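Step one of this worksheet: look at the structure below.
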2 protein chains.
Amino acid sequence: MAKRKMIVKVREKVPSDIEIAQEANLRPIIEVAKEVGLLEDELDLYGKYKAKVHLSVLERLKDRPNGKYIDVTAITPTPLGEGKTVTTIGVSEGLAYIGKKVFTCIRQPSQGPTFGIKGGAAGGGYSQIVPMEDFNLHLTGDIHAVGAAHNLLAAAIDNRMAKEARWSTNYLAKALCPDDEYTPSMRKRLEKLGIKSERPSDLSDEDKERMFRLNIDPDAIQWRRVVDVSDAALRSIIVGLGGPNNGLTREAGYDITVASEIMAALAMCNGLADLRERMGRIIIGTSRKGGLRYPRPVEPITAEDLNVAGAMTVLLKDAIMPNLMQTLMGSPAFVHCGPFANIAQGNSSIIADKIALKLADYVVTESGFGADCGMEKFMNLKCRVSGLVPNCVVLVCTVRALKMHGGGPKVVAGKPLDKAYTQENLELLEKGLPNLLQHIENALKFGVPVVVAINRFITDTDAEIELIRSRAKETGAEDAIISEVWKKGGEGAAALAEAVVKACEKPTNFRFLYSDDMSIKEKIETIAREIYRADGVDYTPEAEAKIKLFTDMGLSHLPLCMAKTHLSFTHDPAIKGTPRGWRLPIRDVRASVGAGFIFPICGPISTMPGLPTRPVFTDIDLDLETGRVVGLS
Amino acid sequence: MAKRKMIVKVREKVPSDIEIAQEANLRPIIEVAKEVGLLEDELDLYGKYKAKVHLSVLERLKDRPNGKYIDVTAITPTPLGEGKTVTTIGVSEGLAYIGKKVFTCIRQPSQGPTFGIKGGAAGGGYSQIVPMEDFNLHLTGDIHAVGAAHNLLAAAIDNRMAKEARWSTNYLAKALCPDDEYTPSMRKRLEKLGIKSERPSDLSDEDKERMFRLNIDPDAIQWRRVVDVSDAALRSIIVGLGGPNNGLTREAGYDITVASEIMAALAMCNGLADLRERMGRIIIGTSRKGGLRYPRPVEPITAEDLNVAGAMTVLLKDAIMPNLMQTLMGSPAFVHCGPFANIAQGNSSIIADKIALKLADYVVTESGFGADCGMEKFMNLKCRVSGLVPNCVVLVCTVRALKMHGGGPKVVAGKPLDKAYTQENLELLEKGLPNLLQHIENALKFGVPVVVAINRFITDTDAEIELIRSRAKETGAEDAIISEVWKKGGEGAAALAEAVVKACEKPTNFRFLYSDDMSIKEKIETIAREIYRADGVDYTPEAEAKIKLFTDMGLSHLPLCMAKTHLSFTHDPAIKGTPRGWRLPIRDVRASVGAGFIFPICGPISTMPGLPTRPVFTDIDLDLETGRVVGLS
């Protein structure tokens, strides 16, 4: 393939992200799609620069070999930022620059942080996905669709409890089956309960109660509501006030939409039928022990039991299709799904990766947060479910972040950086390097070659770069190459791209760190020892009880999704570097059966961000002359 | 223009709505757009069968004369249904059938009722907007965008209160203006407060407090949150539990998204700049009297004061563009906005109507609910803001609904209809006719010709039809014509379309019922007397106080949006027919300054529907073989 050029003029003095993005001469997305081998019938355009790609392409190209699969991850994050998304897009821009057929797969960001603390997440400088406004705003509505499906299930739960509290079992049976016929989802519940019945009128009183009275325990409901706004006031709320028509009064709360189990399931599924199954399997809580005429044991209650999993899937039928956009090199990018990186897998969708691997020779995908979190889940969880085999890991670091891991001075927002970060300091860098090296070692445990990408700042010295390079190679990395993609676009990542191509030529020896048949505890302990380097694991009694419960429920074959801070190898975000001689505490263990994993919780987890005193939205507006967005960064 | 044909084979035995819709041979929307004179650059495709139309078309065609403007409305609704949406689409299909260049403008339905009580709202039988699944589901995400903008403002309110409770005024000033500079929206607040200042550091302590401490009264917040799900448990909630990081604990609640003032403003605006103004003007509540170092009077707090109106407009920049779809005749339809019909105008967007009027010779638009509600607002409110002049009103009725107004037996769901409705009964029909006739008289008061559309059922006799026809004509209607569009498609409304064409030839003598400069009470009393036929109006002390407040605030020039039940000419939904000798009680009066109207409240208003014991979602699923939606009706 011919070498690509940037679709925007690269200026010496780098303008703001949105200025660069708006200056770009975007390729019509249909052209990007056709070049990569998509047929017009496989596209749903969303304006001129976005398109959804039909899943049928997977069937059409099923016999085509996959391209090389590259995961971009990073060292343990610091407040200084590593430029992981910039480098992910940058590796793609670099590959396009050297003439390779490349596809980028990346997560859709939540609007909460976009308007709250963080701002946009489309990369930065000359390494962006465009149009960046669409990327950071609604895109094609997938997150809203996840929210709609999630909140429909939530409404179904409160409604069912309110109606069960009001009506007799006979009335419920008649209302739910007015024609004395079961719906398909009711038949699934019959099967689960082991009841043989052709029509509701067949049922004994006891079976009728089992069938139609879910008897949901209000105190055991795990299913919260979601909204794609950072809204701390909704973290903990009471619903159902104002009388019996408004349902039962109970404690509830909101998460940000990307923390929804549905987002995790959407990113993990391999098609509509699989998604339909996953929606049905979602456990919203359990039944109560008491309150029944015919007592029965506590049972998990699913979305299928509430007859709403079909409608939820209908709401997601477009969201399942990946969104095609482009980089500032005009190369194709899929933006699809954005599951949380602690209580979920923090990786973009399997479907997008699978389609991209059929269309391109190199597919660059990003895994959220530090490599101990995002990459570990990419390998053990996402690749396990997808069956895909990674060919290369790109590990992003910066000189200044490594110095911070080495014990560099605290960074205070609004104050100039300490000179430890802006002048050569090999000693401090040397002290911080083990964080990078441990991540390299970890990646190598999966049998995948590692290339280190040094996201270069202007103050980084050659000696500092060389130190990183030599220590990385000693530890087993293929190479460590600087990336100047933020400043230079594709050209700035050309050498990095060459190194990635070379690494991808190596034979893969990919392996998981644990097998399906290991116990939940064995899996936890494997990750704690091998990746985090803990001496051992401690469980609270609650965690012990949950592990027993999930094992009894037959869920122990599921892979893990560790809910741990990404700011440290440990559970304590304050501990930088490469800590040794510590034990990992497991506070609680939960299951996302729809998403298909068990998630042990190692510390406090926030699933609803708040807003700062001056939220990012303060600067965002429309230029009414041009209709353009201003203030989005 | 050549006569059009249906894009689906019309069968003798009418299949289900979704079967008809899925059987249709849809025209690519680009073809529909080009035929009507839209340029490719004026479209954003959303898949093959939906497109957003750029507002720039209004500028391009500004010198072209408008087409004829037809409002479809209905008699007072009964549980039997009148088929208003079916007939709205039907009039269009009829006009297309007889070879006229026609455009339909219709509201986007909320997903709450679609999955709750009502089911789909894309018309029915051979009179539908297609693809009906898209119409009834996310469409292009406009309702979600309204929800995102609405909830961002809600989060901004709770966040601001929490931060003001925590920080000193000096800290707030510094946090909000870290560079000692005002944002454009801060400058607007300065202007509103009459403070002259170049930079925050200029400000006296008192002015700093006025500027940066909004001092929102938690008990006076009118801005609730929204979700596009029928979720009764959210009607009344408590937010902010769980400690100070989660904000202040206070009562709050959710409305369904289409009840958002933002939806009303979007439907009412004439462009992005106007929308930006409207967002800024939204009043979320008032300041508190106390709690300040420098006491000041209570003031209304706006979205502009919270510096979030720009970001809200950014979230709506695509939603402002109407969505182009097609009828089952392949004729163009705009589906755009769906403001609530009681606390808001219940009419689709002004922008869609304006664009359609430049593109077609006949534009058929629908106004929500009965003519005393929807049509009155169409005339006095929507046309006042748009400056557009209607040429014809089509008033939909059915024989059976008129019989119910005449005192016919109660209809019980699930039981067969009483023979009063299914056999000829001229006496009962005669008794019910005044409801229709009063709506005709009302429409004539606006100076607009009226055509009655009788949505015919198979059991309606010729004598019954003739009785309606003669009485309607006596009362001043141009004609009364049967519509069999549900069963026959465009052909079934051909005669109706001819009558509409004829009526549109008459010179218009359009006038409003009240002038801008009348007092709020005079406006209320005009509508009560002229449209509802009340003897007078009674105000609660609260309503009196609000009228005084809004008058003092300089808002009395705003038009009214009466919040009254549509199920009766009176405020009591149980009273059918044409009641006389009654007085209209005004419980409360509120203002939607962003939408641009004052809404007097005449009775209990529900802004969040609930779910029945067996919600519509129970039957909705995907056919996993074909990927098609099943069970949506």
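The values are calculated or read from the model by the stated rules, or taken from the named source; none is laboratory data. Bear in mind the structure is a predicted one, so any value in this text is a computation, not a measurement. Ideal geometry is used to build each Cβ from the backbone, glycine not excepted, and the neighbour counts take in all protein chains shown.
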Complete set of residues in the stretch A:609-633 that are of a type in the set (Gly, Ala, Ser) and either in the same structural domain as A:Ile117 (by TED's automatic domain parsing) or within 15 Å of B:Arg160 (Cα to Cα) (or both): A:Gly610
All positions within the stretch A:161-181 that are of a type outside the set (D, E, K, R), within 41 Å of the chain's Cα centre (by Cα) and buried (at least 19 other Cβ atoms within 10 Å of the Cβ): A:Met161, A:Ala162, A:Leu172, A:Ala173, A:Leu176, A:Cys177
Selection from the stretch B:367-389 of residues that are aromatic (Phe, Trp, Tyr) and within 16 Å of B:Ser568 (Cα to Cα): B:Phe369
Some residue of the stretch A:563-572 being touching a residue at least 40 places away in the same chain (Cβ under 8 Å), part of a strand (DSSP E or B) and either within 14 Å of another protein chain (Cβ to nearest Cβ) or over 21 Å from the mean Cα position of the chain (by Cα) (or both): no
Selected residue (only one of A:Arg384, A:Arg400 is part of a helix (DSSP H, G or I), in contact with a helix residue (DSSP H, G or I) (Cβ under 6 Å, 6 or more places away or on another chain) and either surrounded by fewer than 24 Cβ atoms within 10 Å (Cβ to Cβ) or touching a residue at least 40 places away in the same chain (Cβ under 8 Å) (or both)): A:Arg400
Whichever residue in the stretch A:183-192 is facing another protein chain (nearest Cβ under 10 Å) and buried (at least 17 other Cβ atoms within 10 Å of the Cβ) and, among such residues, is nearest to B:Ile117 (Cα to Cα): A:Thr183
Residue match in the stretch B:366-376 (condition: within 15 Å of the chain's Cα centre (by Cα), closer than 29 Å to B:Glu31 by Cβ and at pLDDT 95 or above): no
Any hit, the stretch A:285-297, residues being assigned to a loop (DSSP other than H, G, I, E, B), at the interface with chain B (Cβ under 9 Å from one of its Cβ atoms) and closer than 30 Å to B:Thr249 by Cβ: no
Subset of the stretch A:1-23 (residues that are in contact with a helix residue (DSSP H, G or I) (Cβ under 9 Å, 6 or more places away or on another chain), in a loop (DSSP other than H, G, I, E, B) and within 17 Å of A:Ala122 (Cα to Cα)): A:Met6, A:Val8, A:Val14, A:Pro15
Among (1) small (Gly, Ala, Ser); (2) modelled with pLDDT under 95; (3) under 30 Å from B:Pro79 (Cβ atoms) - the single one B:Ala333 does not satisfy: (2)
Residue list for the stretch A:413-457, filter: touching a residue at least 40 places away in the same chain (Cβ under 8 Å) and at positive phi: A:Gly447
Filtered residues of the stretch A:65-106 (kept if at pLDDT below 95, of a type in the set (D, E, K, R) and in a loop (DSSP other than H, G, I, E, B)): A:Glu82
Filter result for B:Lys48 (surrounded by fewer than 23 Cβ atoms within 10 Å (Cβ to Cβ), touching a residue at least 60 places away in the same chain (Cβ under 8 Å) and among the basic types (Lys, Arg)): no
Strands (runs of 3 or more DSSP E) within the stretch A:576-633 that include 1 or more residues among the charged types (D, E, K, R): A:583-586, A:588-592, A:621-623, A:628-630
Hey, B:Ser236 of a type in the set (Gly, Ala, Ser) and crowded, with 20+ Cβ neighbours inside 10 Å or not: yes
Neighbours by Cβ (under 6 Å, 6+ apart or cross-chain): first from the stretch B:190-205, in contact (Cβ under 8 Å) with a residue 24 or more places away in the chain; second assigned to a loop (DSSP other than H, G, I, E, B): B:Pro200/B:Cys177; B:Pro200/B:Asp180; B:Leu203/B:Ser197
Elements of type helices (runs of 4 or more DSSP H) in the stretch A:193-284, at least 3 residues being modelled with pLDDT of 95 or more, at the interface with chain B (Cβ under 9 Å from one of its Cβ atoms) and farther than 23 Å from B:Met608 by Cα: A:272-281
Conditions (1) touching a residue at least 60 places away in the same chain (Cβ under 8 Å); (2) within 14 Å of chain B (Cβ to nearest Cβ); (3) not in a strand (DSSP E or B); number of the one not met by A:Leu324: (3)
Close pairs from the stretch A:164-182: first more than 10 Å from every other protein chain (Cβ to nearest Cβ), partner buried (at least 16 other Cβ atoms within 10 Å of the Cβ) and of a type in the set (Phe, Trp, Tyr), Cβ under 6 Å, at least 6 apart: A:Thr169/A:Phe212; A:Ala173/A:Phe212
